[in-house]
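Asker: What follows is a single structure, and I will ask about it in a moment.
The values are calculated or read from the model by the stated rules, or taken from the named source; none is laboratory data. Quick caveat: nothing in here was measured; it's all calculated off a predicted structure. Reconstructed Cβ throughout: ideal geometry from the backbone, glycine too, with neighbour counts over all protein chains shown. Ligands, DNA and RNA are excluded from the accessible area calculation, which covers all protein heavy atoms including side chains. Shrake-Rupley method; radii C 1.70, N 1.55, O 1.52, S 1.80 Å.
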Amino acid sequence: YAKQVGIAFQFCVFETINVKYDGFKYAKLEGYTYLLDFENAAALSTATYGARINGAYPMSDTMKLLYAGEYASQDDYGNNPVNVSEDYYLGEVGIKFTPGNAIKALILKVDYEVMTGNGTKSFLTPLATGHAFQGWNDRFLVTPPDGLEDTYVTAVMVAFGAKFIASYHMIESDNLSYDYGNELDLLVTKTFNKHYTFGAKVGFYDADRNVTNIARGGNRAADVTKTWIWAQIKF
């Protein structure tokens, strides 16, 4: 997540190490270190060490088993005034079909993602493109102090010259184990004549009404729906 540096973090000094190995037939390995030292936001200064494995195993000529696993630990770093000791977990399993004809590809995946939190501090990704992860309504751009556990199901289909995505998130806290809410995200894009792309997506976030979420959740305790429509010309 260290690729995008916003203006708010212009006084950040960061060091990154990212090593990948793809010598195995059905697995890719990755190890990384992110050392972030913010002069104007010391509480975000962290050292993150992690490893990831992912791959695809052919089950037939038209079907592959997909999988991924990741773990990272995060500690305080630099001038951070607070002790940080949090973890990140990800597990993923899915199936990819390539039947051909009208349906070029169909992917079905189930993911379980955890960013731990203790009620005061949580696993943070301050330089991440957060919109792509815990729902497009951006209720979790910053990991809540109670952390989060996100179980989500994703379907991706490339068919009839268009791409369709549907994703459903069931999100709860790591600390105290209360529900934040659920989100359904839908997207469709289609390219015409190789140059013109049109797209639309919508996100429906349904907040849980439990007492703890209302008291601690902030905007995560309120329902929200967002819609995007766009066009692109490329030559």
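Asker: Quick one: with all protein chains in place, what share of the accessible area of the chain is carbon or sulfur, to the nearest percent (1.4 Å probe)?
Answerer: For the chain, the apolar C and S fraction of the accessible surface comes to 59 percent.
Asker: Let me ask another. Label D22 and V202 with points 7 Å out from Cα along Cα→Cβ: what is the distance between them in nm?
Answerer: Reported label-point gap for D22 and V202 is 3.8 nm.
Asker: Calculate the spin-label point distance for V13 paired with I233, positioning each point 7 Å from the Cα along the beta-carbon direction, and give it in nanometres.
Answerer: 4.7 nm
Asker: How much length is gained if the chain between N193 and L66 is pulled fully straight, taking 0.36 nm per residue apart and subtracting their Cα-Cα distance, in nm to one decimal? Can you show the working numbers first?
Answerer: Working: separation 127, 0.36 × 127 = 45.72 nm, distance 3.20 nm.
Fully extending the segment from N193 to L66 adds 42.5 nm.
Asker: Looking at the chain as a GNM with Cα springs under 10 Å, which of K25, K121, K163 has the largest mean-square fluctuation?
Answerer: K25
Asker: Give the label of the value calculated from the structure for semi-axes √(5λ) of the Cα gyration tensor in Å, choosing from (i) 29, 19, 17; (ii) 32, 23, 19; (iii) 27, 24, 15.
Answerer: Of the listed options (i) 29, 19, 17; (ii) 32, 23, 19; (iii) 27, 24, 15, (ii) comes from this structure.
Asker: Here's something else I'd like to know. Given a Förster radius of 30 Å and the C-beta distance between T225 and V93 as r, what FRET efficiency does 1/(1 + (r/R0)^6) yield to the nearest 0.05?
Answerer: Efficiency for this residue pair is about 0.50.
Asker: Separate question: Mind scanning K28/K104; K121/K201; K28/K234; K201/K234 and naming the pairs with a C-alpha gap bigger than 30 Å?
Answerer: Numbers: K28/K104 25 Å; K121/K201 33 Å; K28/K234 33 Å; K201/K234 20 Å.
Those over the limit are K121/K201; K28/K234.
Asker: Continuing with this model, one more query. Below 8 Å between Cα atoms, with a sequence gap of 6+, how large is the relative contact order for the stretch 119-198 in percent?
Answerer: 24 percent
Asker: Also, quick follow-up: Once R0 is set to 30 Å, what does the formula 1/(1 + (r/R0)^6) return for the Cβ-Cβ distance between L141 and A162, expressed as a FRET efficiency to the nearest 0.05?
Answerer: After rounding, the FRET efficiency stands at 0.55.
Asker: Give a residue-ordered list of calculated ³J(HN,Hα) values for the stretch 210-223 (Karplus: 6.51 cos²θ - 1.76 cosθ + 1.60, θ = phi - 60°; whole Hz; x for Gly, Pro).
Answerer: Calculated HN-Hα couplings, in order: 5, 4, 5, 5, 5, 6, 10, x, x, 5, 6, 9, 10, 5 Hz.
Asker: Read phi for every residue in the stretch 34-40 and hand back ³J(HN,Hα) as whole Hz from Karplus 6.51 cos²θ - 1.76 cosθ + 1.60, θ = phi - 60°, with x for Gly and Pro.
Answerer: Using θ = phi - 60°, the values come out as 10, 10, 10, 10, 9, 6, 9 Hz.
Asker: If each DSSP helix of 4+ residues adds -39,500 (n - 2.57) and the sum is divided by the residues in the chain, what number results at 222 nm, nearest 500 deg cm²/dmol?
Answerer: Result for the chain: -500 deg cm²/dmol, rounded to the nearest 500.
Asker: Quick one: if you stick a label point 7 Å off each Cα along the C-beta vector at D75 and A42, how many nm between them?
Answerer: Each label point is offset 7 Å from its Cα along the Cβ direction, giving 1.9 nm.
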